[in-house]
Every structure is written in C-alpha cells, then in structure tokens.
Amino acid sequence: MAKTNKKLHTKVGDRVIVVSGKDKGKQGNVKDVNLAKGTVLVDGVNVVTKAQKANPMAGVQGGLNKIAKPLNASKVMICCPSCEKATRVGHVVKDGKKVRVCQKCGETIDV
C-alpha cells in the first residue's frame, strides 16, 4: 500500500462548523482525524442510529445505539476562537514556529 502524505486543516480539539450536508450549520469539537481517508469525527455531528443484536454470551444488550460517523474533512471549516466565524486557515511563522491563523481577523488559532 502506498504511503499517503495528506495534511488536513483541522486538528483534534478544534471547534469546527459543518458547511454542507444534512448537518449544515452545526458546530462541534473534532474528536479524531484520519489522514489516510481524509475524514474527521466531530462530536454531536453526523449521528446515526445503529441496531445492535443482543448477545447474552458476551453480555451485550440489544437495542438501538446512536453513534457518530466520520465526515469528509472538506465539509467542515474551523471556527475562529476570537471572531467566532467559519474561516479558512492561513500559516504564518511566528518566533520560528509555523502557526495557523484566521484568514478573516488574523488572530492565531493554535493556542
């Protein structure tokens, strides 16, 4: 399998806004990032109901479970902590370190 060198604009813990799809407009924090697939798992977004069959031998109770599924990273935008708007991410070198900045207000996103 070929190595992938994908980079995403989101990191774990970022506050994001969904910009397209059934959950358009919802906000949440990024819980997981999958670089190989280019997906992000956002808390409280893209929640689906999955049926779980009971298994008494393993002690699993049956029923309907709600789980969050990953979204394509292109469907979310970072929410700037200072201006509270969905924004693109810019990169600037400050004090010898590359940091992410808001393209609308210019404030740093990385804390």
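Nothing in this text is a laboratory measurement; each read-out follows from the coordinates by a stated rule. In this text the structure is predicted, and so the values were computed from the model without any measurement. When we count neighbours, we look across all protein chains shown, and the Cβ atoms used for this are built from the backbone with ideal geometry, even at glycine.
Key figures
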quantity	calculated
For the range 21-27, Karplus couplings with θ = phi - 60° (6.51, -1.76, 1.60), whole Hz, Gly/Pro x	x, 5, 9, 4, x, 6, 10
Total formal charge among the other residues, if their Cβ is under 13 angstrom from that of VAL93, Lys/Arg +1 and Asp/Glu -1	+2
Amide H contacts under 5 Å for GLY28, placed H, 5+ residues apart	VAL16
Given LYS6/LYS98; LYS6/LYS69; LYS50/LYS75; LYS69/LYS98, the pairs whose alpha carbons are separated by over 29 Å	LYS69/LYS98
Phi-based couplings in Hz for the range 51-61 (Karplus 6.51, -1.76, 1.60; Gly and Pro marked x)	7, 10, 7, 5, 9, x, 5, 9, x, 9, 8
Label-point separation in nm, LYS50 to LYS22, each point 7 Å along Cα→Cβ	1.5 nm
Residue-by-residue Karplus 3J(HN,Hα) for the range 31-48, coefficients 6.51, -1.76, 1.60, Hz, glycine and proline x	9, 8, 10, 10, 5, 5, 9, x, 10, 10, 9, 10, 5, x, 10, 6, 7, 10
Distant-in-sequence amide H partners of VAL42 (H built 1.01 Å from N, under 5 Å)	LYS31, LEU71
Filter on LYS24/LYS97; LYS37/LYS97; LYS7/LYS94 - keep pairs with C-alpha separation over 23 Å	LYS24/LYS97; LYS37/LYS97
With eigenvalues of the C-alpha gyration tensor scaled by 5 and rooted, the chain, Å	33, 17, 12
